[in-house]
Structure formats: C-alpha cells, structure tokens
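Structure, as structure tokens:
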C-alpha cells in the first residue's frame, strides 16, 4: 500500500466516523496520522527528485503578491492591466505555464506581483504542476484569490487545494506551546476555557507526533483542526483577499450576491473587470492597505522633506527599523530624531529609536559622525 493509499483509507474512516466527545480523540489521532503521512510523502518526493522543476522566482520590491485561481479566470489579464507586464493571454486553459513576475509601483511602494499557472483539483498532490505553484503561494506576503464572476463556486476548489497543501488563509498560528520534559507523561494546561476540544484529545494528538513527556500550554480556544496544525508545525499562515473578475459579465444583483457569499467565507472582496480596467485603482488601494504599508518622508537637518520618494515600510515600524532599512550602520550612529505627522504629539517632536511611525510622517534623523 502506498502512502497515498494509506491517506485515502484514513480519510474514508474519518468520513464514516460520527464526531462527538467519545470519538474526538480517535478522530484526532487519525488526522494526526494523515499529517505525518503527508510529511513523509513530501520528504520521499524530495529525496527521489519527484518534485519536478521548481519555479525559481527572485523576490524584489517591498513585498510580493501571488495571483492564485483556477485556469482562465483572467489572472494574466489582471497582471497585464495592473503592471504593464506582457503575460500571454488566451481564451483557453493553461496559457500560463510558468510564474510571470510583474512590478507595480504605487504610492511609493514597489510591489512584485506573480501570475501563476491555474490551480486544478489535485494540485496539492502535484497534479498540473500544483506543488510548484503552491510552493510559490506559500512564500508570498499576500495571496490575491481571483475568481470568475460567471463561476464563483470554483473558489472552493482552490481553497481546498491550498488547505490540503498546508496553507492557512487569514488565520493566526495556533497559540499552543510544547515544553518537552524527561518524565511525567503529558500534562495539558490552558489559560482559557477549552470549549471545542478535550485535554485528552490534545494528548492523543501529541502522542501521534511522538511526544510522550511534555507540558503543553494552550492559550487559545482551539478547534480540532488547529490542534493538529499546532503539532504538525509545517503550516504557512498567509493573508488573502478575493478579486471577482469579469464583473461586467453578470448583473448587479448577481454580483452583490456573489460578493456577499464570498465575504461570508471571511474574505475581503473587490469586483473588477481586468479586460476593461474597471476598479483597477481601487484594487491597487486594497493591495497597499492589505500589505500594511506606510510612507515615511525623510527630511534632512535644515532641509526640506522629500515628498516625491517616500520610504515605504510596514505598519508598526519604529525608527530603529527605519535606520536598518536605510543603512546597516545607522542604528549604531543614531542620536535622536524629530517627527512631524500623526505619530507626533506636536510638530517636530524629539523622539527616540523606539518611536513607532505612522503613515505620511516626516522624519529627521540626527546621527553621530561616522569613523
């Protein structure tokens, strides 16, 4: 029996088992076995060279965004419209056979956008170069899920393939900590009430992952899937939003219904027509916002601020990180800074290296002389 056959047999057993408190631990062990088998499957493929040719994409710009969707939903047209990149477009499946990078320059930010081959059913198991596509999707800063307004149900296939490939969208890493001990078995302590799983379930999962002595601290009310994810340790947590392309191919009431349904899945949704350029500027705004960018305008001592070329950094960036971004030795030479804008209590406030910047702040750095 192959690993794939074992996984299929366990999935069938889970499907036939009614979920309740009595079966919770058993189902948890089965899910943990699937997680371990998939890891073994990936290791075996890597050793045997069965992974195929990878898409070697060099990252550039301030952040990277992956365009993910079924074939023929308009991903290439969207890339071309947003960036001016010449990605081949045709009205048949699989026009894009590799990853096509484009660069969007917007509000001072340089955003790398990657047009990837369409995901099909079985992609997580390698069908249609699915593993290569998903490996790129795992590495980007933001995933742009593109659906065709005339067939929005196709998103469910894409979401399932990403989930099966251990990509978790718009979720935080489960807050579960394992502290291994030399003896004493497995002890589970929680700092919050556990309403979705029993401690015995958590212990059963731990044992499947070869943990026999440990203190397990749970600081979040986890569900069964999240417990398995926490122990597996190979999940990737990516941000994502949905673009409904070909919005002009359906009626306004139908479009509103589609958006409402997709928002119900927990995604921010924006409708566009890539072919006709409708809502493209709004899409660029959403990209900038979802990537959590802010712009900082640098002002030399005694000079004027440079409003033409802002420094683009992420929300929550302090002045120390600004120094690191500008030059590797600026942090060590830092004396103080002055700030004008939203983060300052008054114009020209003198602040230290831990001061958090906000969008469109003006910053003057005062440094020690080098050497």
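The values are calculated or read from the model by the stated rules, or taken from the named source; none is laboratory data. As the structure is a computational prediction, the values presented were derived from the model and not from experiment. Note that we place each Cβ from the backbone using ideal geometry, even for glycine, and neighbour counts take in every protein chain shown.
Can we say residue 182 is in the same structural domain as residue 25 (by TED's automatic domain parsing), within 17 Å of the chain's Cα centre (by Cα) and on the phi < 0 side of the Ramachandran plot? So that I can check it myself, show each step before the final result.
Details: in the same structural domain as residue 25 (by TED's automatic domain parsing): yes; within 17 Å of the chain's Cα centre (by Cα): no; on the phi < 0 side of the Ramachandran plot: yes.
No.
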>> Residue under question is residue 201, and the condition is that it be out of contact with any strand residue (DSSP E or B) (no Cβ under 6 Å at 6 or more places or on another chain), outside the structural domain of residue 283 (by TED's automatic domain parsing), assigned to a helix (DSSP H, G or I) and touching a residue at least 40 places away in the same chain (Cβ under 8 Å); does it hold?
In response: yes
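For every residue, the table says whether it meets (1) outside the structural domain of residue 134 (by TED's automatic domain parsing); (2) modelled with pLDDT of 80 or more; (3) not in a loop (DSSP other than H, G, I, E, B).
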| residue | (1), (2), (3) |
| --- | --- |
| 70 | no, yes, no |
| 77 | no, yes, yes |
| 92 | no, no, no |
| 112 | no, yes, yes |
> at pLDDT 90 or above, closer than 13 Å to residue 65 by Cα and not in a loop (DSSP other than H, G, I, E, B), is that true of residue 156?
Replying inline: no
> Name the residues in segment 234-254 that are outside any strand (DSSP E or B), surrounded by 13 or more Cβ atoms within 10 Å (Cβ to Cβ) and within 26 Å of the chain's Cα centre (by Cα), would you?
Replying inline: 235, 246, 247
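Conditions tested, residue by residue: (1) assigned by TED's automatic domain parsing to the domain that holds residue 340; (2) in contact with a strand residue (DSSP E or B) (Cβ under 7 Å, 6 or more places away or on another chain); (3) farther than 30 Å from residue 161 by Cα.
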site: 259; (1), (2), (3): no, yes, no
site: 264; (1), (2), (3): no, no, no
site: 301; (1), (2), (3): yes, yes, yes
site: 314; (1), (2), (3): yes, yes, no
site: 320; (1), (2), (3): yes, no, yes
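Here is a yes/no grid of residues against (1) at pLDDT below 90; (2) touching a strand residue (DSSP E or B) at 6+ places or on another chain (Cβ under 7 Å):
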| position | (1), (2) |
| --- | --- |
| 81 | no, no |
| 85 | yes, yes |
| 109 | no, yes |
| 123 | yes, no |
